[in-house]
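The values are calculated or read from the model by the stated rules, or taken from the named source; none is laboratory data. This one's a predicted model, so the numbers in the text were calculated from it and none came from an experiment. For neighbour counting, all protein chains shown are included, and Cβ atoms are generated from backbone atoms with ideal geometry for every residue, glycine included. Note: accessible area is taken over every heavy atom of the protein model, side chains too, but ligands, DNA and RNA are not part of it. Shrake-Rupley method; radii C 1.70, N 1.55, O 1.52, S 1.80 Å.
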Amino acid sequence: MPIPRIRLALRDWDHLVPLLTGRVRARGVALEIETREVTPDVLAEPDLDGGETSFSRYALGRGDGDERLAGLPVFVMRGFRQRCVLVRNESPLAAPRDLAGATIGLTGWPDSGNTWTRALLRAEGVDLSAVQWRVGPLAAGETGKDRLGTRPLPANVRVADRSLIDGLADGTFDAVFTPFMPPEMFTANSRFRHLYDDHRSAEKEYFARTGFVPGIHILALKREVVDEYPWLPEVLQDAFEESKRVWLERRRLLADTTPWLLDELETQARLFGADWMPYGAGANAAMVAAFCEELHEQGIAPRPIKAEEVFA
């Protein structure tokens, strides 16, 4: 039997480097990984067998009975969201509860990351329906992303008439939610700061309370590919797991890629244990359940989605 050729598209996450270079291989598969600047729309590309997919959009699809994609509990993107709330330097805002009734710009309404960020406000009693949400690109000219989804938007959610950075700078927005930082955040004279004065401490407290780091994007395969090769999901999950393991092993050895990466890796191991971004349905059950609850409570999913539906 010929070895199947499987083509995936993902962004170039560091932990995929061993797979991209061929140091790690998927058994029984001729695996081709194409790196992308933005998250691919797997269903829209006939030549793709799978790739990186929004966890939110995938879970919403499963809730609607859409089985065109088979998601793997391989969270290629995950991260805390406390760091993702920006305000102006002179702003008096200092905590999520301060955003009650605010006007907030965000990079996408149904996005996984922004869903997790809104959850921080909801956990502090902020009425999300009383916030004025404005959806748009972080910087002028950004394209290639579906920011609104396919569902009707709540009355307090509108398309922004300017970029989020411009709106935050001129006072149109009280805060901005963004997973990616504007370049000036890496300079000494940025006009903006993080809402959380010490977001690392807030994120450590979040992990101590929940036991997980929020998942943002997963690996998904087209259903017809899984039907043809039912063994493929396990093979790919094993390969991605091995790539992550090899990547971490190499980073611990070759830590001089940033001035203090070694300290970060040692601190990470003490806080999170062997693996801060575990794969597998069991290891992510609590996180998936919490996310499904947020989708419904925030009015994004019309009905509660059971966690066991997501990776059925």
Response to the item:
Carbon and sulfur atoms account, in whole percent of the 1.4 Å probe accessible area of the range 2-144, for 48
Discussion item. How much accessible area per residue does the chain have, counting only protein heavy atoms and a probe of 1.4 Å, in square angstrom?
Written reply: 49
Discussion item. Placing unit charges on C-beta atoms (Lys and Arg positive, Asp and Glu negative, everything else neutral), compute the dipole magnitude of the chain about its Cα centre in debye, rounded to 20.
Written reply: 200
Response to the item:
Long-range share for the range 201-312, i.e. C-alpha pairs more than 19 Å apart as a percent of all pairs, stands at 60
Worksheet item: If you place +1 on the Cβ of every Lys and Arg, -1 on the Cβ of every Asp and Glu, and leave all else neutral, what size is the dipole of the range 1-86 about its Cα centre, to the nearest 20 Debye?
Response: 420
Worksheet, complete the sentence: For the chain, averaging the sequence separation of alpha carbon pairs under 8 Å that lie six or more residues apart and dividing by its residue count, the contact order in percent is 27
Item to complete: Two decimals is fine: what is log10 I(q)/I(0) at q = 0.17, 0.23 Å⁻¹ for the range 1-108, from a Debye sum with one equal scatterer on every Cα and no solvent?
Response: -0.96, -1.34
Discussion item. Given points 7 Å out from each Cα along the Cα-Cβ axis, report the Leu153 to Trp260 separation in nanometres with one decimal.
Written reply: 4.0
Response to the item:
tail above 17 Å in the computed P(r) of the range 122-201, as % of all Cα-Cα pairs, reads 56
Fill in: Accessible surface ranking that places the most exposed of Trp260, Trp247 first, with a 1.4 angstrom probe
Trp260, Trp247
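Rank these residues by their accessible area, most exposed first, probe 1.4 Å: Glu234, Glu37. All intermediate terms of the calculation are to be shown ahead of the outcome.
Working: Glu234 120, Glu37 170 Å².
Accessible-area ranking of Glu234, Glu37, largest first: Glu37, Glu234.
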